[in-house]
Amino acid sequence: MRYHIWTIGCQMNVADSQKLAAGLDRLGWSEASAPEEADLVVLNTCAIRDHAEQRAIGKLGALKKLRGQGSEFKIAVMGCMVGLRADELERRFPFVDAFARPQQFAPIMEAIGYDDLGGEFWPGTFSQPDSVTAYVPIIHGCDKFCTYCIVPYRRGREVSRTIEDVRGEVEHLAGRGVREVTLLGQTVEAYGHDLPDAPDLGDLLRALHDIDGIARYRFLTSYPRDMTERIIDAVAELPKVCEYFNIPVQSGDNAVLDRMRRGYDIELYREKVDLIRRKIPDVAITTDIIVGFCGETDAEFRHTRDLVAELEFDKVHVAAYSPRPGTIAYRKLEDDVPQDVKMARFHAIEQLEAEISARINSRLLGAEVEVLVEGRKANSEGESMWYGRTRQNKLVHFRSGCGGLAAGDARVGDLATVRIERTSPWALVGVAARAAVLA
Ligand code: SAM
Ligand code: SF4
């Protein structure tokens with residue numbers, strides 16, 4: 001029996017899909033590269049913006065058509081499009097065999113004739129790709145209820161995994177050749193508050209640090225108010241923990257942050273960024289921003305633009321506000337910023353950020369950086385190059401064949417030292433300066 005899983009959305013969704021795949025593999029199923037070759041097709045969906053939902057709905061239409069042409073696969077929809085009650089979805093898409101909420105795999109397993117696999121599917125179960133990087137969820141759900149966001153309604157309340165549980169999974173991944181682990185949570189610094197003795201993210205990082213084979217740890221996504229000096233100190237002290245933070249600010253204006261119910265003001269955000277930069281000099285900080293949120297005036301938007309210019313983020317993920325039925329903003333605030341204004345603000349931030357990241361990255365010209373080698377592929381001119389990321393999560397394409405390193409010498413999973421020869425806002429290009437080493 002064969003399965004095909006289509007995934008969009010955040011890293012948490014990627015991790016959920018891997019977990020389902022691992023469970024199915026354990027039952028003797030194998031992966032099919034196309035829906036028509038599969039017995040089960042799963043769409044792992046995202047509901048964060050309308051556009052993401054529309055893509056899943058488009059896929060469902062295509063699957064319905066394929067089935068009409070004689071393919072006999074079962075169809076399951078999982079992820080954040082599926083709420084507590086699926087009746088509306090069942091009415092709209094009667095040809096779907098199972099609807100499953102995030103991480104609730106039981107309806108899918110029942111549809112193909114099994115009991116729920118239950119819990120986390122490790123260890124000994126992952127037969128996932130030979131990737132040297134892996135995502136490991138450490139806290140599920142979110143308790144924050146920002147007014148624009150659907151996540152708490154779809155992923156439920158915060159539940160942390162125990163340190164032993166996470167350590168067991170990471171040891172298993174290390175045994176499979178994984179070299180870099182990204183610990184995941186919607187607000188990852190909330191980790192542990194619901195566990196006995198309330199360990200924090202710093203305690204978890206310390207508890208994972210000695211696992212042989214793992215060269216790097218990262219964590220996503222940071223929440224300014226939950227970020228403590230204790231956690232920042234752990235990142236500064238632990239050599240395997242990368243100098244990289246993704247801390248969504250969402251807006252540079254206090255009145256907008258208030259309407260979003262983010263629970264902090266710009267002064268607190270700035271303090272956290274300053275503290276991190278003081279304690280971790282080489283750090284890269286990225287952020288998320290929503291433009292065109294309900295009632296956002298030109299002046300309020302200017303504050304966001306000014307903050308981006310002032311704090312010089314390494315990268316900004318910018319999104320135009322998309323009203324989500326069921327959220328507080330959808331019920332109580334008016335989506336009154338016209339679409340063309342949203343798009344103009346979106347492009348203004350993108351353009352400003354391209355200039356900033358071009359400037360930040362250009363400082364790396366001639367520098368030697370550590371790259372975890374992830375693979376090899378052809379660049380736009382058809383030249384085959386290695387690629388990987390720096391500790392600051394910047395993408396690097398590089399050639400070997402210099403400094404005693406013959407072409408082809410680097411290996412996936414090595415930590416290579418790469419001299420940067422070209423930079424752009426989006427990536428770096430270089431040459432391996434020293435033999436890649438297995439840390
Ligand atoms: N938990 C993280 C945080 O506190 O920001 C982010 C989680 S959310 C899955 C990822 C990003 O989607 C957010 O940072 C936000 O910028 C964006 N997002 C969430 N809801 C949105 C909406 N209704 N419209 C546009 N963007 C949205
Ligand atoms: Fe959504 Fe806010 Fe939770 Fe992030 S912190 S997942 S934006 S509710």
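The values are calculated or read from the model by the stated rules, or taken from the named source; none is laboratory data. Computed from a predicted model, the values in this text were never measured in an experiment. Because the Cβ atoms are built from the backbone with ideal geometry, glycine has one as well, and the counts that use them run over all protein chains shown. Side chains included, ligands, DNA and RNA excluded: accessible areas come from the protein's heavy atoms. Shrake-Rupley method; radii C 1.70, N 1.55, O 1.52, S 1.80 Å.
Of note:
- Qualifying residue in the range 419-437 (condition: of a type in the set (V, I, T), assigned to a loop (DSSP other than H, G, I, E, B) and modelled with pLDDT of 95 or more): no
- For the range 171-187, a residue qualifies if it is at pLDDT below 95 and either part of a strand (DSSP E or B) or surrounded by fewer than 22 Cβ atoms within 10 Å (Cβ to Cβ) (or both), and the qualifying residues are E171, H172, A174, G175, R176, G177.
- Top-ranked residue in the range 257-283 [being basic (K, R) and free of Cβ contacts under 8 Å to residues at least 60 places away in the same chain; ranked as nearest to ligand 2 (Cβ to nearest atom)]: K272
Yes/no per residue for (1) touching a residue at least 12 places away in the same chain (Cβ under 8 Å); (2) of a type in the set (S, T, N, Q):
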{"site": "S17", "(1), (2)": "yes, yes"}
{"site": "L24", "(1), (2)": "yes, no"}
{"site": "A38", "(1), (2)": "yes, no"}
{"site": "V41", "(1), (2)": "yes, no"}
{"site": "A56", "(1), (2)": "yes, no"}
{"site": "A76", "(1), (2)": "yes, no"}
{"site": "R91", "(1), (2)": "no, no"}
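- Residue within the range 319-330 that is open to solvent by less than 50 Å² (accessible area, probe 1.4 Å), of a type in the set (S, T, N, Q) and within 15 Å of ligand 1 (Cβ to nearest atom) present: yes
- Unmet requirement for D335, which otherwise passes all of (1) out of contact with any Cys (no Cβ under 8 Å at 6 or more places or on another chain); (2) away from ligand 2 (no atom under 16 Å from the Cβ); (3) open to solvent by 40 Å² or more (accessible area, probe 1.4 Å): (1)
- Just one of (1) in contact with a Pro (Cβ under 8 Å, 6 or more places away or on another chain); (2) of a type in the set (G, A, S); (3) surrounded by fewer than 21 Cβ atoms within 10 Å (Cβ to Cβ) fails for G79. It is (3).
- The listed residue being over 20 Å from the mean Cα position of the chain (by Cα) and either loosely packed, with under 15 Cβ neighbours inside 10 Å or in contact (Cβ under 8 Å) with a residue 60 or more places away in the chain (or both), out of M385, M343: M343
- Condition check for L352: open to solvent by 20 Å² or more (accessible area, probe 1.4 Å) and in contact with a Leu (Cβ under 9 Å, 6 or more places away or on another chain): no
- Subset of the range 214-261 that is among the small types (G, A, S) and either buried (at least 19 other Cβ atoms within 10 Å of the Cβ) or in a loop (DSSP other than H, G, I, E, B) (or both) - its residue that is farthest from ligand 1 (Cβ to nearest atom): A215
- Taking (1) in contact with a Gly (Cβ under 8 Å, 6 or more places away or on another chain); (2) of a type outside the set (A, V, I, L, M); (3) within 16 Å of ligand 2 (Cβ to nearest atom) in turn, N44 satisfies each apart from (3).
- Residue match in the range 131-144 (condition: open to solvent by 30 Å² or more (accessible area, probe 1.4 Å), modelled with pLDDT of 95 or more, out of contact with any strand residue (DSSP E or B) (no Cβ under 7 Å at 6 or more places or on another chain) and within 16 Å of ligand 2 (Cβ to nearest atom)): yes
- Taken over the range 268-289, the criterion of being assigned to a helix (DSSP H, G or I) and either surrounded by fewer than 20 Cβ atoms within 10 Å (Cβ to Cβ) or in contact with a Gly (Cβ under 6 Å, 6 or more places away or on another chain) (or both) is satisfied by L268, R270, E271, D274, L275, R277, R278, K279.
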